[in-house]
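The values are calculated or read from the model by the stated rules, or taken from the named source; none is laboratory data. Note that the coordinates shown come from a computational prediction; the quantities given were computed from them, not determined experimentally. Quick reminder, even Gly has a Cβ in these numbers, built from the backbone with ideal geometry, and neighbours come from all protein chains shown.
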């Protein structure tokens, strides 16, 4: 995927928003929407791939899901 530069650094030229792929510059939401509907929530989940066992180990998944559903 092609990358573009902006004040924020590198980003993709297109992004998925509201069911369609749009140019990065058009991918915006109103500040009120972001606050009311929690569009700004971000939860990082750490996972490690074990090549020998061909298995993905997720770090503290239960704790992450508990926070998500609160």
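Return the total of residues in the stretch 1-20 being modelled with pLDDT of 65 or more and surrounded by fewer than 11 Cβ atoms within 10 Å (Cβ to Cβ). Give the derivation first.
From the stretch 1-20, those modelled with pLDDT of 65 or more are 9-20; that's our starting set.
Keeping just the survivors that are surrounded by fewer than 11 Cβ atoms within 10 Å (Cβ to Cβ) gives 9-10, 16, 18-20.
Residues in the stretch 1-20 being modelled with pLDDT of 65 or more and surrounded by fewer than 11 Cβ atoms within 10 Å (Cβ to Cβ): 6 in total.
Out of all the residues in the stretch 21-46, which are out of contact with any helix residue (DSSP H, G or I) (no Cβ under 7 Å at 6 or more places or on another chain), closer than 17 Å to residue 67 by Cα and either assigned to a strand (DSSP E or B) or modelled with pLDDT under 85 (or both)?
Here is the first cut: in the stretch 21-46, the residues out of contact with any helix residue (DSSP H, G or I) (no Cβ under 7 Å at 6 or more places or on another chain) are 21-38, 41-42, 44, 46.
Then keep just the ones that are closer than 17 Å to residue 67 by Cα; that gives 37-38, 41-42, 44, 46.
Of everything in the stretch 21-46, those that are out of contact with any helix residue (DSSP H, G or I) (no Cβ under 7 Å at 6 or more places or on another chain), closer than 17 Å to residue 67 by Cα and either assigned to a strand (DSSP E or B) or modelled with pLDDT under 85 (or both) turn out to be 37, 38, 41, 42, 44.
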